[in-house]
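The values are calculated or read from the model by the stated rules, or taken from the named source; none is laboratory data. All figures in this text were calculated on a predicted structure; none of them were measured in a lab. Note: ideal-geometry Cβ built from the backbone for every residue, glycine included; neighbour counts use all protein chains shown.
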Amino acid sequence: MATPIVMAGRNVGAFANTVLRTSSVLLKVDVCGIKGRHVIFSQCRLQRPAAFHTACVLRTAPAITVTDEPDMLYQRIEVQVKGHDKTVLDSYEFFATVAAKELGIDIGKVYEPPKHIERLTLLKSVHIFKKHRVQYEMRTHYRCIELSRITGSTAQVYLEYIQRNLPEGVAMEITKAAIERVPEHIQNPMWDSIPNKDQASQ
C-alpha cells in the first residue's frame, strides 16, 4: 500500500473534490479520512501522464479615489417609467420608492400621468362592407417619481440600482435639475459698474 498523503490548508475540501472529479486520470484514489482541515489520500498513482493547470485569482478591493472637487447637487431628479403592463409598473414603483427610503432620499411626489392610447382602425373586409371595421389599440402607462435635494454620488448609486432591476418591456427616462454656482462675472450687481451722471459729465 502506498504511503498516505496528508494535506492541510484552507481549501482542502475543494481540492479533495477536484481530485475525486479527475479520478479518470488516476488509477486509484481513496480518501482515508477528512478531519478538520486535514485530508488523507492513499494509493494516488498516475495511470498516464496528465497535465494539471493551476490558476491564481487575485481579488483586490476597488480603489477609492478622493478628490477635492465638490459633489454635484441636484435640486430635483424626475424618474419616469413607461410600459404596457399596469401591474408591472405598480410593482416597480413600489420597489423604487422602498429603495429610495432605504437610502434616505427625500421623495417629493409620486404620481401617475395620463396614459397614452394609440388606436389603429382597419377594414375587416377588403373590398366590401366598408362599415365593418376592426380597431386595435396600444396603451402606454406611465409612472413618475420625483426626488428632491439629492447629491450626485447618492443619485448615481440609486439610479444604477433601479436601472439594473428594470423589468422587461419597461423604459425609463431621467430628468435632472442641477444646482450650479453663480458665475463670478454676475455675482455683483451690474448697476454697480455703471457710472453715475455726475461721473460721466466730468
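Looking only at residues that are under 25 Å from HIS84 (Cα atoms) and among the aliphatic types (A, V, I, L, M) in segment 124-160, which one is farthest from the chain's Cα centre (by Cα)?
Filtering first and then ranking leaves VAL134.
Looking at segment 113-138, which of its residues are under 30 Å from GLU93 (Cα atoms) and either of a type in the set (A, V, I, L, M, F, W, C) or surrounded by 10 or more Cβ atoms within 10 Å (Cβ to Cβ) (or both)?
PRO113, LYS115, HIS116, ILE117, LEU120, MET138
Out of all the residues in segment 163-202, which are among the polar types (S, T, N, Q) and at pLDDT 90 or above?
Scanning segment 163-202 gives GLN163, ASN165, THR175.
With a cut-off of at least 3 residues that are modelled with pLDDT of 85 or more and surrounded by 14 or more Cβ atoms within 10 Å (Cβ to Cβ), name the strands (runs of 3 or more DSSP E) lying wholly within segment 29-108.
Hits in segment 29-108: 73-83.
So is TYR142 of a type in the set (Ser, Thr, Tyr) and within 13 Å of LYS101 (Cα to Cα) or not?
no
Just to be sure I understand the filter: pairs with C-beta atoms under 8 Å, separated by 6 or more residues or on different chains, first member in segment 168-184 and more than 13 Å from LEU89 (Cβ to Cβ) and basic (Lys, Arg), second member in a loop (DSSP other than H, G, I, E, B) and modelled with pLDDT of 95 or more. Which pairs pass?
none
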